[in-house]
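What follows is a set of notes on a single structure, which appears directly below.
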Amino acid sequence: MTARDFLAVAGGDEPALVSAKIDGLRRFILLYGAARTWLWLIYGAQIDRFALVLSGLVLSGCAVLAWTAVRAHWAPRIAAPVLLLQLVGVFPFADNHFGLEVLVVGVLAVVGPRRQGEAEALQGILWLTAIVLFQTGLQKVLYGQYFGGEFLAFMVGRGGRFGDVFAWVLPQVEVARLAAYDALRSGAGPYRVESTLFVVASNAVYLVEIALGPLLLLRRTRTMAAMGALAFLLLIQLGAREVGFALLFGNLLLLFPANDLGRRLFPAFALFVVWVVLTAAGVLPGRAWIDPGWM
């Protein structure tokens, strides 16, 4: 099997649909990258401020360039090295989804003039998305802290938005016990609970991720797997509230169904992203609602 045949497993869309998906993703992810950069600047990311301003201007220009009819393919080509320099600047403290952003823009950069290589780029991005989802579940298995619910029990003990979501399936006495542990002191455990529902929920997390990854690539199961992954993503965000990751990965999942829903939803995504930046900057009211870690 050649590399082209390998990529084609994730293919099957008509050329017009492939173009629509590439256009939508290119416009979204470059706007997303520009917005993330301005948020980094607003909230004082550990990177040179002049470099952030310069890269923010370049990425904003790329987001505009992505809308041109003839030169849109240059937008990710210009953005890719800028993002790579940002990655070097924040390494090793970059979020995982920033690395995913860099990879996706890098793949989009291979698209040439007159839409050359669009099908291969889309297939590569679909493979990348499926691999990330599968690897996320596999990583949890290798950690070994989900089988008995230890990790989620630890998060409940720490409190906060993530722990609060899972605390509802535990008796209050268990929540109080977990919260009493000093996580910074050795021997603070054990973070084990007797709630069957809690343990089932813990194991379901990695099982869903591992199962949906391969199903995303198969044409017969692709749409259902994508919808399931989107529902799972939204469910997890009830606790995690990683808005930047949810926006990015959600747009990647929207590439799998045989429609251009992601491109058609772009105005809603764009309005939200712009609102976040303007609110964080104090131009619009409600800054207290914006979490600095959203992007």
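Determine the share of segment 1-66's accessible area contributed by carbon and sulfur atoms, expressed in whole percent, with a 1.4 angstrom probe. Don't jump to the answer; show the numbers that get you there.
Working: 2030 of 2960 Å².
Using a 1.4 Å probe with all protein chains present, segment 1-66 comes out at 69 percent carbon and sulfur.
Karplus-derived 3J(HN,Hα) values for segment 7-23, using 6.51 cos²θ - 1.76 cosθ + 1.60 with θ = phi - 60°, are 5, 5, 4, 8, x, x, 6, 5, x, 5, 5, 4, 4, 5, 5, 5, 4 Hz; glycine and proline are entered as x.
Estimated from helical segments only, the mean residue ellipticity of the chain at 222 nm is -22500 deg cm²/dmol, where each DSSP H run of four or more residues counts as -39500 (n - 2.57).
Determine the per residue accessible area of the chain with all protein chains present and a 1.4 angstrom probe, expressed in square angstrom. Please report the intermediate quantities before stating the final value.
Numbers: 15040 Å² over 295 residues.
Accessible area per residue, the chain: 51 Å².
Note on Ser195/Leu261: beta-carbon distance plugged into 1/(1 + (r/R0)^6) with R0 of 51 Å gives a FRET efficiency of 0.85. Note on Ala268 and Met224: the model spin-label points, each 7 Å out from Cα along the C-beta direction, lie 2.4 nm apart. Compared with the dominant Cα axis of the chain, that is its longest principal axis, helix 222-240 is turned about 50°. Label-to-label distance, Leu57 versus Val283, with points set 7 angstrom from Cα along the beta-carbon direction: 1.7 nm. The chymotrypsin sites (Phe, Trp or Tyr not before Pro) found in segment 74-146 that occupy coil by DSSP, while having at most 13 further C-beta atoms within 10 Å, are Phe93.
Placing dummy labels 7 Å off each Cα toward the beta-carbon, the span from Ala211 to Asp164 is 3.0 nm.
Given their separation in residues at 0.36 nm each and the Cα-Cα distance between them, Glu14 and Asp182 gain 54.8 nm when the chain is fully extended.
For segment 1-90, which trypsin sites (Lys or Arg not before Pro) are in a loop by DSSP, counting at most 15 other Cβ atoms within 10 Å? It would help to have the intermediate numbers written out before the result.
On the way: sites: Arg4, Lys21, Arg26, Arg27, Arg36, Arg49, Arg71, Arg77; in loops: Arg71.
Qualifying residues, ordered by number: Arg71.
The solvent-accessible area of Asp182, taken with every protein chain present and a 1.4 Å probe, is close to 60 Å².
Could you work out what % of the accessible surface of segment 83-141 is carbon and sulfur, using a 1.4 angstrom probe and leaving DNA, RNA and ligands out of the count?
Values: 1880 of 2760 Å².
Answer for segment 83-141: carbon and sulfur cover 68 percent of the accessible area.
The values are calculated or read from the model by the stated rules, or taken from the named source; none is laboratory data. The shown structure was predicted, so the numbers you read here are calculated from the model rather than taken from an experiment. Quick reminder, even Gly has a Cβ in these numbers, built from the backbone with ideal geometry, and neighbours come from all protein chains shown. Each accessible area value is taken on the protein alone, full model and side chains, heavy atoms only, with ligands, DNA and RNA left out. Shrake-Rupley method; radii C 1.70, N 1.55, O 1.52, S 1.80 Å.
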